[in-house]
Amino acid sequence: MRSTVLAGASRPAGVGITFRLGTSCPVTAGRLGGDDSFMGVVAGILAVLAGLFGAGVHAVNAAAGRALGPSFWLMELAAALAYGLAALLLRSARRIQFVLGAIALTQGLALLGSELGALTSSNWTTWLGAWLWAPGYVAIAVLLPLLLPDGYPRSRPAFVVNVAAVAAITLVWALTPYDSQDFPEALRGATNPIAVAAAAGPTAGALTGGLLGVAVLIGLVSLVTRWRAAADLERQQLKWVLVGYACTLALFGIARLLPAATIGPVAALAMLPLPIAIGIAVLRYGLWDVDVVISRALVYGGLSSLVIALYAGTVWLVGDGLGATTGTPILATTVVALAALPLRSWLQRHANRLVHGDAEEPYAVLTRLGRRLAAATTPDDLTERVLPSVVERVARSLRAARATIELRDGSVTSYGDGSAAGTTVELTYAGESLGELMVARSSEFGRHELRALDELAAQAAVAAHTVLLAREAQRAREAVVVAREEERRRLRRDLHDGVGPSLAALALHVETARDLAADDPEAARQLLDRLVPRLNAAVADVRALVHELRPPMLDELGLAAAVRELGDRLSTGTTKVRVSADEIPGLPAAVEVAAYHIAGEATGNAVRHAGAGTVAVRVCDADECVRVEVVDDGRGLPDRPRAGVGTASMRERAEELGGQLRIESGPSGTTVTALLPKGAP
């Protein structure tokens, strides 16, 4: 009934199967809009229903001795169910979904038409079954290779040629007289109501056969070309599709060599490789990103099973176990209704975890990470527990082989192992780059998982920021301890090597003067006179050490007057220092010392090195900070200035109080600005 034109020759009893091929491919989602998705779903549902209804009519015909034989119904049933279910499953690939649904619908309607024709002896229903299979099968062979993977043809002229091939072959089958075909006994009395004798002639067969051959060649070249040019993931997806396509071709070739009675089962078997290949591509390589659909299928399939079991169990318990009969169905329905919603929630939660890991519930993961951050009480907790916990949570929630956080300080924290390629996300906090999160697994991430990864990366950035702050605070504390110990060492050295020996020598001279006082008072007086300058020098050394600890001017005059005195002292004949200093009461001693030293260091640098004529010093209250600003009109800093001891000292004094130092320089001078928090200890 269905092979003369497609195979290019008449065939034995059965169906033409030579080019009933199928293929599919990875789709990123050829989205035209909601209509394609809706129509694809409708076509898929109708195809499955038509196939099942046709199978039911076939059972009726078989019981009445009107069976059409497997070559007329088995392959069409397999195609209707396989492609119909594929159309329902692949809901994110809207354009491809519609094509698959349309293919399935033609097979389901062809099966139904043939079986109803045998049942009712209607010429029109038989006619529908005689040609409706053709557009779907030919489309599998010549259109799908052009439309994969995104639903859009690579070449519009090639697409037009192949659409013309589908239309021409379909038209020929719609016009072919039945007496030129080997119909089964149940359809022998049927006639084609619009038959055209030329449609069964050799010219029509040669033209359609040649057109089909060209169209198949175009489709195969397009599919192979797209496979060769595909990226890694899409290439893996297309590889499985090509394998399924090749298996289908092989099975059809085998079927052509078999007796007519065995063609149907082998042809139906030929419908399986391609759906299996699509299944492998879906589950292993994320083809068409159908995780949500799989999750829903698990939920509602499991819910249906549990509801049936619960209903049956309630009926058995109440009816057989307790002996009650009245109201048992009502009670069972009530129990099912009360249990349905909790069961659905439980199933949804576990299905999500099965399909996505914890990626379906990123906020639950974020909550756990937040609790771990809050539970960390020491820097060691943050460094040794929080980051390992973060990478473990990320790896487990996304089912990754390995998760790694590499921070900007060079530290690396990993969980898992493996050599799979990874997806890298930059960790940023308040616009500042903190490092990178790398998640590696054997399969690519779907859109849903990438959104979850973004959420997890945001929380990981908070953890990384906290860890970096803890490490910087630890380093700052260590630096303070080191600086304090270095300062103590310097004071000890100055006292031990300078003031100490001087005072010891003075003590010896005083003892000598005491011994001379009784016998030679004049010599004792002269010795004491010589000791006075040395005593004054020792006092000056002690005073200098004390001044370094805290300038006495701050205690004697206050910050504003001390800075004004500093300006007067640093002014020279060529450089005038002008000071504007506000009285700021209640400043901590550390802030006063830092402001005084920064003003002195910046002013001294301008006077000594900038060649400035004027240096303006301003100390003022800036809300929560003390602002120290030193502006000179000198030659500015070189293009590549080296940070000297003075600049480093100013920056350290500002930063150790939680403040900041900014230096701006140009041809017209340099501005040094320090902001010191007034609440600093």
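The values are calculated or read from the model by the stated rules, or taken from the named source; none is laboratory data. The structure presented is a predicted model; accordingly, all values stated were derived computationally and were not measured. Cβ atoms come from the backbone with ideal geometry, glycine included; neighbour counts cover every protein chain shown.
Tabulated data
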{"item": "Region 577-626: number of residues that are among the basic types (Lys, Arg) and modelled with pLDDT under 90", "result": "1"}
{"item": "Answer from ARG635, ARG662 - the residue that is assigned to a loop (DSSP other than H, G, I, E, B), under 52 Å from the mean Cα position of the chain (by Cα), farther than 22 Å from LEU554 by Cα and free of Cβ contacts under 8 Å to residues at least 40 places away in the same chain", "result": "ARG635"}
{"item": "One residue from ARG399, ARG393, ARG447, ARG451 being closer than 19 Å to ARG371 by Cβ, at pLDDT below 80 and among the basic types (Lys, Arg)", "result": "ARG393"}
{"item": "Scope region 654-681; condition under 14 Å from LEU587 (Cβ atoms) and of a type outside the set (A, V, I, L, M, F, W, C); matching residues", "result": "GLY659, PRO677, LYS678, GLY679, PRO681"}
{"item": "Residue satisfying all of: in region 660-681; among the hydrophobic types (A, V, I, L, M, F, W, C) and surrounded by fewer than 19 Cβ atoms within 10 Å (Cβ to Cβ); modelled with the lowest pLDDT among these", "result": "ALA680"}
{"item": "Residue in region 528-536 that is within 27 Å of ARG618 (Cα to Cα), exposed (fewer than 15 other Cβ atoms within 10 Å of the Cβ) and among the hydrophobic types (A, V, I, L, M, F, W, C) present", "result": "no"}
{"item": "Residue match in region 583-603 (condition: in contact with a Phe, Trp or Tyr (Cβ under 7 Å, 6 or more places away or on another chain) and surrounded by fewer than 20 Cβ atoms within 10 Å (Cβ to Cβ))", "result": "no"}
{"item": "Yes/no for PHE72 being modelled with pLDDT under 70, of a type outside the set (Asp, Glu), part of a helix (DSSP H, G or I) and within 30 Å of ALA197 (Cα to Cα)", "result": "yes"}
{"item": "Criterion violated by SER442 - all others in (1) over 9 Å from the mean Cα position of the chain (by Cα); (2) at pLDDT 75 or above; (3) not aromatic (Phe, Trp, Tyr) satisfied", "result": "(2)"}
{"item": "Selection from region 640-656 of residues that are hydrophobic (A, V, I, L, M, F, W, C) and at pLDDT 65 or above", "result": "VAL645, ALA648, MET650, ALA654"}
{"item": "THR126 vs. criteria among the polar types (S, T, N, Q), crowded, with 24+ Cβ neighbours inside 10 Å and either part of a loop (DSSP other than H, G, I, E, B) or modelled with pLDDT under 80 (or both)", "result": "yes"}
{"item": "Residue match in region 105-118 (condition: among the β-branched types (Val, Ile, Thr), in the same structural domain as ALA267 (by TED's automatic domain parsing), farther than 24 Å from THR248 by Cβ and at pLDDT 80 or above)", "result": "no"}
